[in-house]
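Asks: The structure that follows is given in the form of structure tokens.
Coordinate-derived values only; no laboratory data. Source: prediction; values computed, not measured. When we count neighbours, we look across all protein chains shown, and the Cβ atoms used for this are built from the backbone with ideal geometry, even at glycine.
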Amino acid sequence: MSVTRHWKWAVVTLALLIVTNAVTAVTAGWIVRDDAQAAAPTIVTGGDPLNTECMKDVVTANSVVAAGGAFELKILYSTRCNAAWAKVTRTDHAGFGNRITVTIFRRSEPQGESRQFADEHDVDSAYTMVIVRQDPTDRLCATGSATNGSTEVTVEPPICL
């Protein structure tokens, strides 16, 4: 093989190496961008947490059983979404003909715009929409109530995370 032929193969090999590295870099960039977008769910305060990325890592951040055991109040939290919502589940199974309420709010502004509330009739469970935390010190609190006939049981004081 002549020296010229070696140089041609070297140039072709180098060109092929450059092209494959460029394709790999572009492909890796797309994958990283797609992963970053998947890791940052698009949910805002007032959004419904069901059928979102928030459900993938949801945990119970705080809970309490109301006096008399009528219902359980939970604050559910998603690190992935940096958001929380509250849920009331009747344990007395007396939903039909009765009402349950649940509220989640920022401790710093209990009646503020971000406050989320649900008021349901004839069900055993209800949940609020989410509040996205503004920073790690943003305290969120929840309260709930359930009626059984004319008797209403309320969680007071609120539970917080």
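Asks: Considering the options T79, F105, G95, tell which one lies farthest towards the positive end of the dipole of region 53-160, charges being +1 on Lys and Arg and -1 on Asp and Glu at the Cβ, about the Cα centre.
Replies: Value computed over the given set: T79.
Asks: Still on this structure: By how many nm would the segment from E156 to T79 grow when fully extended, if each residue of separation counts as 0.36 nm and the alpha-carbon distance is taken off? All intermediate terms of the calculation are to be shown ahead of the outcome.
Replies: Working: separation 77, 0.36 × 77 = 27.72 nm, distance 2.64 nm.
Gain on extension, E156 to T79, equals 25.1 nm.
Asks: While we're looking at this one, here's another question. So, in nm, how far is label Q111 from label D92 when the simple model puts each one 7 Å beyond its Cα toward the Cβ?
Replies: It is 2.9 nm.
Asks: Enumerate the amide H contacts of A83 below 5 Å, restricted to partners 5 or more residues apart or on another chain; note that Pro and chain-start residues carry no placed amide H.
Replies: Close amide H contacts, sequence-distant or interchain: S78, R133.
Asks: Could you compute the net charge surrounding F96? Neighbours are other residues with a C-beta less than 13 Å from the C-beta of F96; K and R count +1, D and E count -1.
Replies: Details: positive: R90, R99; negative: D92, E120, D122, D124.
Combined, the nearby Lys, Arg, Asp and Glu give -2.
Asks: Work out from phi, with θ = phi - 60° and the Karplus expression 6.51 cos²θ - 1.76 cosθ + 1.60, the ³J(HN,Hα) of each residue of region 101-110, listed in order in whole Hz, and give x for Gly and Pro.
Replies: After applying 6.51 cos²θ - 1.76 cosθ + 1.60, I find 10, 8, 9, 10, 7, 6, 4, 6, 8, x Hz.
Asks: A further question on this structure: What are the residues whose amide H is under 5 Å from the amide H of N62, where those residues sit 5 or more places off or on another chain and H is modelled from the backbone?
Replies: For N62, the qualifying residues are I75.
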